[in-house]
1. If DNA, RNA and ligands are ignored and the probe is 1.4 Å, what is the ranking of SER136, SER276 by accessible area, most exposed first?
2. Hey, can you find the accessible area per residue of the chain for me, probe 1.4 Å, expressed in square angstrom?
3. Distance between Cα centroids, segment 59-134 to segment 11-40: provide it in whole Å.
4. Would you please classify the overall shape of segment 42-200 from the alpha carbon gyration tensor, given that a ≥ b ≥ c denote the square roots of the eigenvalues, rounded means a/c under 1.5, and beyond that prolate means a/b larger than b/c while oblate covers the rest?
5. Which whole-angstrom value gives the distance between the alpha carbon centres of segment 248-295 and segment 316-348?
6. Which aspartates and glutamates does LYS43 reach when only Cα atoms under 14 Å apart count, and residues fewer than 8 places away in its own chain are ignored?
7. Classify segment 24-64 as rounded, prolate or oblate from the Cα gyration tensor: take a ≥ b ≥ c as the square roots of its eigenvalues, call it rounded if a/c is under 1.5, otherwise prolate when a/b beats b/c and oblate if not.
8. For the chain, what does the helix formula give at 222 nm: sum of -39500 (n - 2.57) over DSSP H segments with n ≥ 4, over the residue count, nearest 500 deg cm²/dmol?
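The values are calculated or read from the model by the stated rules, or taken from the named source; none is laboratory data. Small disclaimer: the values here were computed from a predicted structure and weren't measured. With ligands, DNA and RNA removed, areas are computed over all heavy atoms of the protein, side chains included. Shrake-Rupley method; radii C 1.70, N 1.55, O 1.52, S 1.80 Å.
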Amino acid sequence: MARVEVRGVSKVYPGGVRAVDRADLCVEDGEFLVLVGPSGCGKSTLLRMVAGLEEVSHGEVAIGGRVVNGVAPRDRDVAMVFQSYALYPHMTVGENLAFPLRMRRVGREAARARVEEVARTLGLDALLGRRPRELSGGQMQRVAVGRALVRQPAVFLFDEPLSNLDAKLRGELRVELKRLHQSLGATMIYVTHDQVEAMTLGERIVVMDRGVVQQVDTPLEVYDRPANRFVAGFLGSPPMNFLPARLAVRPDGAPVLEVDGVRLDAPGPLLAALESIRGEPLELGVRPEDLHVAQDGPLEGQVEVVETLGDVSVLYLARGGLRFVARVESRRRVAAGDACRFVVDPERLHVFHGAEGRALRRRGVDT
């Protein structure tokens, strides 16, 4: 396996369209790294530059310590799994699996042994004689993964491989991919727009927006300590609430955060840090699961819509011109039209600079 380094890489298309802007990444040997972001953010373009399917406009891509700019895809020792499966319809499963080995002139017996080994690993033993039209979507995706596996490449690249599958099958294959990575210890780079895939699969995740890497860290660190408003709003379902806020003063002169006339307790270090930007626009960020129903809670809202999701319910609330969302246990019987009050743990607050969007407070960290 191999380490992958992306050093100041940009992709600029004719007309000046910058799909990727000065990306810097290091994927450690054996790491499972996930690139996540909305459509058009540049994640697939970045992956294709690692694969050699897109030319690098600026910067360097190195695999296993070797700069591969200008190296043909087949000579980079990578294998790519696409969203479309890309199986040969006239070939059986066994022939599809063996095709990469045949192209490398691997001996027939060695190729057969390798195909059988991969088929056992992916549960394809009984399907080797079938053609793609006789397979389900999940089975075809397993074959596509298997075709990459037989090559034993230095790096596996996955470009939204599960997006064509239904939710149940996506969940099953996520678990299979995780097990596969654990058993192989392979270097894997995975592209998705699905935050659940990113959070569950990645040892680290890379959040991208408009061609720029916004944050790189473990899933929980990115979720708990987003670097900016975009990252905070992209990860989480329902997404984080953003409420206009300001730094106010209590009658005793102590600083306090205020949202729509409601004063909320906040840790002293945070308030002290915000003193330096007094008067500048702020946004308070709070995740729906961090709003807790309480009779004496300072933040009140009227329930407009209730979504019941089994063990939890999602409440869509209004407070004057503000809209916010809370996620509560379904045993709390709440209906549209009810008024609910909430408390917020001060340690679960995030604060963002209203104009720049950067995090002034990441949960547990004052900046």
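1. Working: SER136 55, SER276 95 Å².
The ordering from most to least exposed comes out as SER276, SER136.
2. Working: 17100 Å² over 367 residues.
That works out to 47 Å² per residue.
3. If you average the Cα positions of each part, the centres end up 25 Å apart.
4. On the way: a/c = 1.79, a/b = 1.21, b/c = 1.48.
Verdict is oblate for segment 42-200.
5. Measuring centre to centre over Cα atoms gives 18 Å.
6. The reachable aspartates and glutamates, counting only those whose Cα sits under 14 Å from LYS43, are ASP21, ASP24, GLU54, ASP159, GLU160, ASP194, ASP209.
7. On the way: a/c = 1.98, a/b = 1.10, b/c = 1.80.
It comes out oblate by the Cα gyration axes.
8. When only DSSP H runs of four or more count, the value is -7500 deg cm²/dmol.
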